[in-house]
Structures are given as C-alpha cells and as structure tokens.
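Values quoted throughout were computed directly from the atomic coordinates according to the rules given, and no laboratory measurement underlies them. Everything quoted here is computed from the prediction, not taken from an experiment. Here the Cβ positions follow ideal geometry from the backbone for every residue, glycine too, while neighbour counts run over all protein chains shown.
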Amino acid sequence: MTALLSVRGVRKSYGGTPVLEDVGFDIPAGEIAALIGANGAGKSTLFSILGGAADADGGSVLLNGAPLLGLRPEAVARRGVSRTFQTSTPYRSLDVLDSLRLVAARGGGWRRLTRPLSAWPEAAARAVLAEVGLEALAEAPCAALSYGDAKRLELALALIRDPTLLLMDEPTAGMAPAERTAFMDLVRTRSRERGLTVLFTEHDMATVFGFAARVLVLDRGRLIADGDPAAVRADEAVRRVYLGGGGAATKPL
Amino acid sequence: MAPGGENGGRMDFILIQTLNGLAGASSLFLVAAGLSLIFGVTRVVNFAHGTVFMIGAYVAWTLIDRLGVNFWLAAPLAALAAAALGAAIEILVLRRLYTGHELLPLLATFGLVLVAHDLVPLIWGAQDVIGPRAPGLEGAVSLMGRRLPVYDLFLIGFAPTVLAGLWLVLHRTRFGRFVRAATDDREMAAALGIRQDRLFTGVFMLGCALAGLGGALQLPRETLHHSLDTQVVVSAFVVVVIGGMGSLGGAFVASAVVGLVSAFGIVVWPQGTLAMLFLIMAAVLTLRPRGLFGRAGAPEPHQPLALPSPPATGYPRAARRLTVAGFAAAAASALVLSPFALDLASQALIAMLFAAALHLLVGWAGLISFGHAAFLGLGGYGAALALKGGAPLPFALAAGALAAALGAAAFGGLARRMRGVYLAMLTLAFSQLLHAAAFQWVTATGGDNGILGLWPEPPFDTPEGFFLLVLGCCAATFALLARLYRAPFGFVLRAAQDAEARARADALPVDGTRVAAFAVSGGVAGLAGGLLVALKGSAFPTLFDIPQSIDGLVMVLLGGIAHPLGPLIGAAAYTLGVDLITTVTPHWQMIVGGVILVLAQAAPGGLLGRAARGRR
Ligand SMILES: Nc1ncnc2c1ncn2[C@@H]1O[C@H](COP(=O)(O)OP(=O)(O)O)[C@@H](O)[C@H]1O
Ligand SMILES: [Mg+2]
C-alpha cells in the first residue's frame with residue numbers, strides 16, 4: 001500500500017534555530033488527518049514546505065510516489081495539491097465570482113490575453129459557490145467579505161481545481177462552534193464523494209476529534225505522536241506536552 | 001589592463017588608486033549609511049538624499065568661504081543644518097504620506113529634488129565651486145614614489161570610525177534599540193510602544209546629518225556643482241542595494257567596492273565606470289536578491305500599504321466610452337489646431353503611451369520600475385536605426401517596439417524573483433547600462449552626437465499627418481491594453497499583487513504573466529520611444545536618462561495609480577503643464593516640484609484618486 005502523501009525526514013531551521021526536525025509520516029488516499037501542536041510548533045512551516053512556498057533543509061516528500069520538494073508552489077498546485085492559509089488573503093481587488101473563475105480558467109493559450117474573463121466558463125465557479133454556500137455573494141468584492149465568508153471563499157478557491165490533497169492551516173480559527181462544524185462538514189462531504197485527502201491544523205479539540213480519522217502531534221518541530229484519535233488522546237507524551245492540564249481534550253467528547 | 005608601464009610600475013599604481021578609491025568611498029559611505037538607516041526604519045526611499053549631501057557641502061562652503069569659519073567647525077555645522085533639513089522634510093513633507101501608496105513618499109522627495117535643482121543655483125550660483133583645503137591636513141605623504149594627500153588618509157580612517165560610532169548608537173542607546181526594532185520587526189516596534197513620529201523624525205535627522213557631513217567632507221577633494229545631487233543619490237542607491245537595504249556593515253563594504261571600482265575605472269575605462277557599477281549591482285542582485293548583507297527577516301522590499309494600488313475594477317465601460325469619445329474629438333481637432341499645438345498634442349499623446357506602459361507594470365502588476373526609459377530608449381534607437389536604414393516609419397516603429405518588447409521580456413525573465421525597491425533599482429541599472437551602451441557604441445548610435453536627420457516620409461511629414469499617426473498608435477494601444485486588462489492576463493496580475501502566495505498556490509501562472517507584462521509594457525514604451533524619435537527627428541542617449549523614467553512615474557501618480565485612466569490624464573496634465581510653465585519661467589523644475597509636493601499632500605491618490613475610490 002503506498003500512501004498518497006509520504007513525508008520522510010523533513011528538516012528546516014531558521015537562522016540556526018531548528019523549526020522542524022526529522023518529521024515523517026504517511027497519509028493514505030481519502031483520509032482526513034489533523035496536525036496539532038502548540039503555537040510555534042512548526043505546523044505552518046511544514047505546510048509551506050509541502051506547498052513549495054518554503055524550502056526544506058533536507059528530507060523527502062512524495063505525492064503518489066512523485067517527489068514534491070524543490071518544486072515551485074505553482075507546480076505543486078498543478079499536481080493536485082490545494083492549500084488555504086492561516087491568515088486568509090483573498091484577492092482584495094477582485095470580486096468573488098471573478099476570483100473563482102480566474103482560478104478555474106485553465107489553458108486557453110493566447111486567449112488568456114484577449115478573451116474577457118467574463119466570457120470564460122462560469123459553471124464550475126457557480127457549482128463550487130453553491131457547495132460552500134456563497135451563491136448569494138457571487139458579485140461581492142472579496143475585500144468586503146466577512147471573516148467566515150472569506151474562509152469559505154478560500155475553501156472554494158482550493159476546491160475548484162478538484163485537488164487530490166487539501167492542506168488547510170487553521171481553517172476554522174475564530175469561527176463559532178456551529179460555523180466550525182458546518183465548515184468541516186463541507187470538507188468531509190467532499191472527501192467522501194471524491195476521495196479528497198485532507199491534512200489540516202486545528203486548535204479546537206472538538207473539531208480535531210470530531211473530524212479527523214488520524215491525528216499527528218507536533219511538538220517544537222518533532223512529531224511526537226501519530227495514530228488514531230483515541231490512541232493519541234491516551235498517549236502519555238502527548239498528554240504531558242500538549243493535552244495536559246485538564247484541557248478540553250482530556251474530557252470525553 | 002592598467003597602463004602600468006607609462007606610470008612607472010604596477011604596484012604603486014594599484015596602491016595609490018586603492019587608497020584613492022577608499023578615500024572616495026568614505027563620504028559615499030556616509031551618504032549611503034544615512035539612506036539605508038532611513039529606508040530601514042521608514043521604508044521611504046529618500047530621493048532627496050543626494051540633494052541633502054549637496055546642500056551640506058554648499059553650507060560648509062558658505063561658512064568657510066564667506067564667514068571665515070574653520071573647516072573643522074564648518075563640517076559639523078553643515079551636518080547640523082542637514083539634520084534640521086531632514087527634520088523639516090520628515091515633518092512637513094512625508095509625515096502624512098506613510099499610509100498611501102508606497103511610491104508616494106518617493107514622488108514627494110523627487111518633488112524636493114526638482115525644487116532644489118532650481119533653488120540651489122539661485123542661492124549659490126550656477127558655476128563650479130572649488131572647495132578649501134582642510135587646515136592641518138594640506139600636505140601629502142610620499143608612498144612608493146607617489147604623493148598621496150594626507151586628507152585622503154584621514155578620510156580612509158574616518159569611515160570605519162563613523163561605522164563604529166553608528167554601531168555604538170544602534171546597540172548602546174534607547175534610540176538605537178528603537179531603530180533596530182523598527183528595522184527588523186515592525187510589529188515588535190509597535191509592541192515596544194515606540195512613538196513612530198519621533199522615531200521617524202529622529203532617523204531622518206540622523207540620516208540627513210550623515211549626508212550633510214559627507215558633503216562637507218568631500219569639499220576638499222572635489223569641485224562642487226549643482227548637479228551633484230542625482231549623481232550622488234544614484235551612487236548611494238547602488239551602494240545600499242549592493243550592501244543590503246538597512247545594513248550598515250553592508251553599506252560600508254559596498255561603498256568600498258564602489259569607491260575602488262570608480263577609482264580604477266576612471267583610469268582604465270572612464271566612460272564605462274558607471275555601467276560597470278550597475279553591472280556589479282545587477283550581478284549581486286541576481287545572486288543575492290537582498291544584497292550582500294540583507295537579511296531575510298529584515299526590510300521586506302514590498303510592503304502592501306493601505307491604498308490598493310491595482311485599479312479596482314478592470315476597465316469600466318464608462319471609462320472606455322470616455323476614451324473613445326476623447327479620441328474622436330482629438331482626431332477632429334487635427335483639422336483646426338495650429339502646427340505648434342499639434343506638435344504639443346503629439347508630445348502629450350506620446351507621454352500617454354509611455355505612462356500607460358509604466359502603469360501596466362507599476363499599477364496593474366505592482367512591479368516598480370525606476371528605469372522604464374530603458375525601453376523608451378530601446379524603441380527609440382530601434383526605430384532610429386531602421387529609419388536610417390531606409391525603412392518606412394510604420395515599419396521602423398514596429399521594429400523599435402519589438403526590440404523594446406524583447407529587451408523587456410529578457411529583463412523581466414532575469415529579474416523575476418525581484419520585488420519592490422530591489423526590482424526598481426535593477427530596472428534603473430538596466431537603463432543606465434543601455435545609456436552607457438548608446439554612448440559607447442559610436443559606430444551604431446553615433447554616441448553623444450546621436451543619430452540625426454530622422455524625418456518621417458509623407459504622409460507623416462506634416463504636423464497633421466504625424467499627429468494622426470500618433471493618435472492611431474494610441475488608439476490601437478489603449479484598445480489592446482483594455483482587452484488585456486479584462487482578460488485573465490490582467491486578473492492574474494491583480495491577483496498576484498493582492499496575494500502572491502495565494503495566487504501561486506492557486507496555480508495561477510504568476511511568473512509567466514509578469515514576464516508577458518514586462519514584454520507588453522516594454523513594447524508600448526518602445527513605441528513611444530520610436531514616435532518621440534520621429535517627432536524630434538533625432539535620437540540621443542538622453543532617451544535612456546533617469547529623469548525620463550521618473551517623469552513617467554510622476555505622470556502615473558499624478559493622474560492616479562488606482563484608476564485605469566490615471567496615466568492618460570496624468571501624462572496629459574504633466575506634459576501640458578510643464579509646457580505652459582516653461583513658457584512663463586525658466587525655473588520650471590521648481591514650479592513642477594512645488595506642484596508635486598502640494599498634490600502629494602492634497603490629493604495623494606492622484607487627480608483621479610477620488611474617482612478610483614468611488615468606484616470600489
Ligand atoms: N520566515 C521565518 N523566519 C524566521 N523564523 C520563522 C519563520 N517562519 C516561522 N518561523 C519560526 O518557526 C517556528 C514555527 O513557526 P510556525 O510554523 O508558524 O508554527 P505554528 O504554525 O505551528 O504556530 C516559530 O518559532 C516561528 O517563529
Ligand atoms: Mg501556524
């Protein structure tokens with residue numbers, strides 16, 4: 001059984017300070033996995049490396065057996081990896097529909113220079129807008145979206161290319177519990193329907209244990225636990241460094 | 001290489017020129033250190049820094065020559081005067097501009113340069129001034145049979161002393177801690193509770209004091225004249241960019257490099273020295289995009305600021321209709337306007353083409369160019385050579401535009417990792433290299449004498465015919481640009497400017513589209529250059545001049561960078577305005593500079609700034 005995503009021995013340091021040390025794990029196709037860890041543990045850095053936005057100092061990352069490290073972010077994206085960012089950054093000078101259409105407008109050769117964006121197909125954009133529940137805001141400027149709607153638009157942008165792997169960095173941070181569940185339900189539905197593989201970081205333990213089939217725990221750049229939620233919750237090391245102190249996750253869900 | 005034989009020995013030549021170069025590097029370091037400090041803390045590229053240097057030198061000269069003050073007292077007094085000037089610049093000119101477009105402070109300091117350009121000769125006269133000797137250090141020492149001024153030795157020792165002093169100030173004082181915090185980490189600076197207004201004023205005073213001192217100390221070595229300002233600021237830019245923005249150690253090393261290259265270049269290859277410096281800068285930037293000592297965490301070159309720079313909504317229908325109506329009216333006016341007015345109108349239209357080309361990069365793509373004259377010149381010389389070879393004008397124009405587009409695409413490809421001020425400096429370097437090439441390659445370009453007698457054939461040889469040709473070129477170009485902006489091409493540029501990481505993660509072809517934007521922008525600027533050459537009947541290396549590039553930026557910002565029609569309105573207003581002012585007074589630079597200063601305060605979004613905001 002080969003994994004969809006296979007990470008081995010990934011290292012990274014900033015100015016001599018190690019941020020990631022020998023990180024390795026496998027994620028099989030179709031799985032939803034959560035990456036948890038305190039602030040500064042290196043989660044976002046790992047996502048940047050997987051997405052091609054940062055260079056690792058060593059190690060390897062394989063997607064369906066093909067190496068990803070060293071590729072530019074665009075090339076990683078073209079291989080079927082989508083990502084959302086910890087701080088959402090919509091295209092503030094575009095409107096919602098245009099930004100989706102733009103991401104969906106592939107190929108076209110010279111017509112990319114001359115054919116108005118408004119004449120490019122919009123079915124895919126409309127469909128993904130409906131999927132994330134933003135139909136009513138199709139014509140809204142991205143800069144005017146509320147926090148939660150901006151997160152949904154980011155998800156729509158990530159889904160419109162029909163990726164095989166979705167990386168989400170703290171997708172539900174700052175959302176109310178009901179909104180969180182609704183948001184993650186969207187992701188889970190997509191995963192079930194099209195076999196989308198998901199790796200997300202999250203601080204809310206209810207969301208982690210409610211949606212992830214697998215939990216990876218990062219502590220100061222080291223992966224200290226990797227397994228199904230129940231096993232991770234029971235893990236001594238994890239309790240000590242992360243879940244300890246009577247936090248939400250120590251209580252039964 | 002070195003003409004060692006006739007100078008009697010190679011070793012002593014090398015030694016003397018090395019010491020000479022290091023002495024010259026000393027005041028360059030002072031200027032560059034100030035520029036770097038100011039940029040590090042305020043993110044303002046102070047174009048007026050060379051002006052402060054020059055004024056510092058003039059103040060010192062006045063104190064010495066007119067008031068009989070001792071040189072060693074006059075130099076620190078000049079530094080104080082420069083510090084006061086720095087405070088005035090920060091408080092009166094820049095303070096309200098920090099939240100606007102990142103180019104706005106640059107524009108304002110350029111306004112200061114223009115004002116000073118006319119004001120300084122009025123105050124101190126237009127003739128060269130020979131500086132006094134430094135009392136006590138008039139003599140020379142003998143080194144390997146050659147004579148070296150003692151003052152040069154003093155300067156060589158002075159630069160490291162200043163570096164050490166600055167290091168102490170930065171690491172041992174409260175002010176220094178704030179400066180470092182603001183340079184490295186703006187959020188941390190805010191968390192420390194630093195009062196930005198005082199810190200900015202303080203750093204401007206320190207930076208300008210260094211420049212003023214540099215000017216005063218250069219007096220005994222160099223004749224003083226009123227066009228020293230641009231020369232000095234451009235060298236200082238080169239130093240700061242090679243060393244790394246915000247790094248004093250970098251400025252120190254880079255000023256030594258620049259000083260040495262200049263000292264040896266003067267002897268070995270005088271005309272090529274400037275080009276050589278820019279070549280070194282380009283090489284450093286290609287290998288180390290943040291300069292030799294620029295750190296990753298340190299000054300982000302591109303800081304997205306409050307005012308959205310890309311045009312908010314494509315080319316709106318109303319703007320297109322307005323443009324079409326304007327063109328129809330312009331074409332009709334060819335029947336009634338005088339030849340003189342037609343000539344001026346042609347000039348304005350050519351300026352519009354150039355400004356629109358620059359706007360494509362600066363406004364739509366968010367890529368700053370300080371050297372767009374490179375492409376104006378490529379197109380101009382391309383067309384000139386084709387005309388000289390007997391090609392009909394339309395063909396020559398196409399050849400020039402193509403040459404410029406190819407040059408721009410090659411440049412855009414090489415510079416694709418560069419952003420912000422670094423990219424701006426690289427474009428400047430490119431234009432300076434081409435300037436040197438036009439100057440040097442006499443067989444093809446005629447060098448300084450230019451290419452003359454390039455008169456268009458009928459029907460373009462009359463003012464009406466030529467005007468209609470220019471108008472046609474404009475109409476075709478603007479229609480093409482409007483199309484591009486509404487197509488994925490334009491949207492990719494905007495998306496990448498809004499959120500580059502996001503755009504790449506969404507698999508948008510950011511790099512390719514930016515290279516294409518360079519090509520189109522270069523082609524349009526090249527077309528403008530070809531038309532300019534045909535209008536004037538000649539091509540000179542001045543086509544590549546820095547002021548040409550800056551004029552373009554002024555036009556774009558004047559009209560309003562956030563509005564699709566901004567560059568057109570700005571170019572028309574600037575061309576006609578300058579023409580009007582030059583008929584009234586020879587001091588047009590002072591007036592234009594003053595208008596820029598007032599507009600930067602009163603209408604920071606440009607003439608169409610309000611309209612651009614209303615449409616969002
Ligand atoms: N560009 C960078 N330069 C220097 N240090 C960085 C950079 N990015 C992240 N770090 C450091 O790496 C560590 C991990 O950061 P990050 O990956 O953002 O953690 P997380 O996402 O788990 O909160 C932190 O200590 C952070 O300060
Ligand atoms: Mg993070």
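Quick notes
- The separation of region A:30-83 from region B:432-494, counted between C-alpha centres, amounts to 46 Å.
- Remark: relative contact order (chain B) = 20 percent; criterion is Cα-Cα distance under 8 angstrom and separation of 6 or more residues.
- Multiplying the residue separation of residue B:579 and residue B:69 by 0.36 nm and subtracting their alpha-carbon distance yields 179.2 nm.
- Range of Cα positions in region B:11-287 per principal axis (Å), largest first: 60, 47, 36
- Residues whose placed amide H lies under 5 Å from that of residue A:95, excluding near-sequence neighbours: A:142
- Inter-chain shielding of A:107-120 (mean C-beta neighbours from other protein chains, 10 Å cut-off): 5
- Centroid-to-centroid separation of region A:86-157 and region B:224-284 [C-alpha atoms, Å]: 47 Å
- Value of Rg/Rh across the protein assembly as shown [Cα atoms, Kirkwood radius]: 1.01
- Candidate cross-link partners of residue B:388 among the aspartates and glutamates, defined by an alpha-carbon separation under 19 Å and a same-chain spacing of 8 or more, comprise B:448, B:457, B:461.
- Per-pair calculated FRET efficiency, R0 = 51 Å: residue B:414 and residue B:142 via Cβ, rounded to 0.05: 0.60
- Per-bin percent of Cα-Cα distances, region B:341-585 [10 Å]: 8, 34, 36, 17, 4, 0
- Between residue A:222 and residue A:185, the FRET efficiency from the beta-carbon distance, with R0 = 35 Å, is close to 0.60.
- For region B:39-61 versus region B:144-169, the gap between their alpha-carbon centres in whole angstrom: 21 Å
- Straightening the chain between residue B:266 and residue B:15 buys 88.9 nm, computed as 0.36 nm per residue apart minus the Cα-Cα spacing.
- Overall form of region B:479-601 per C-alpha gyration tensor (a/c, 1.5; a/b vs b/c): prolate
- Put simply, the amide H of residue B:140, placed in the peptide plane, has neighbours under 5 Å in B:150, leaving out anything fewer than 5 places away on its chain.
- About its Cα centre, the dipole of chain B is roughly 1880 debye, where the only charges are +1 on Lys and Arg Cβ and -1 on Asp and Glu Cβ.
- Calculated FRET efficiency for the pair residue A:79/residue B:286, C-beta based, R₀ 25 Å, to 0.05: 0.30
- Values of log10 I(q)/I(0), in the order q = 0.22, 0.23 Å⁻¹, for region B:208-248 under a Debye, Cα-only, solvent-free model: -0.83, -0.88
- Dimensions of chain B based on its C-alpha atoms, expressed as ranges along the principal axes with the largest first, amount to 73, 62, 49 Å.
- Report summary: the helix-based calculation at 222 nm, which adds -39500 (n - 2.57) for every DSSP H run with n ≥ 4 and divides by the residues of chain B, gives -23500 deg cm²/dmol.
- Cut-off 15 Å, label 7 Å out along Cα→Cβ of residue B:388, residues of region B:441-468 by amide N: B:441-455
- Per residue, the convex hull around the alpha carbon atoms of chain A comes to 140 Å³.
- Computed extension length for residue B:223-residue B:449: 78.7 nm, one decimal, from 0.36 nm per residue of separation with the Cα-Cα distance subtracted.
- For region B:325-400, radius of gyration divided by Kirkwood radius, i.e. Rg to Rh on alpha-carbons: 1.06
- Per-peptide average of other Cβ atoms within 10 Å, ordering B:145-151, B:51-57, B:107-113, B:599-605 highest first: B:51-57, B:107-113, B:599-605, B:145-151
- At most 14 other Cβ within 10 Å, DSSP loop - trypsin sites (Lys or Arg not before Pro), region B:394-497: B:417
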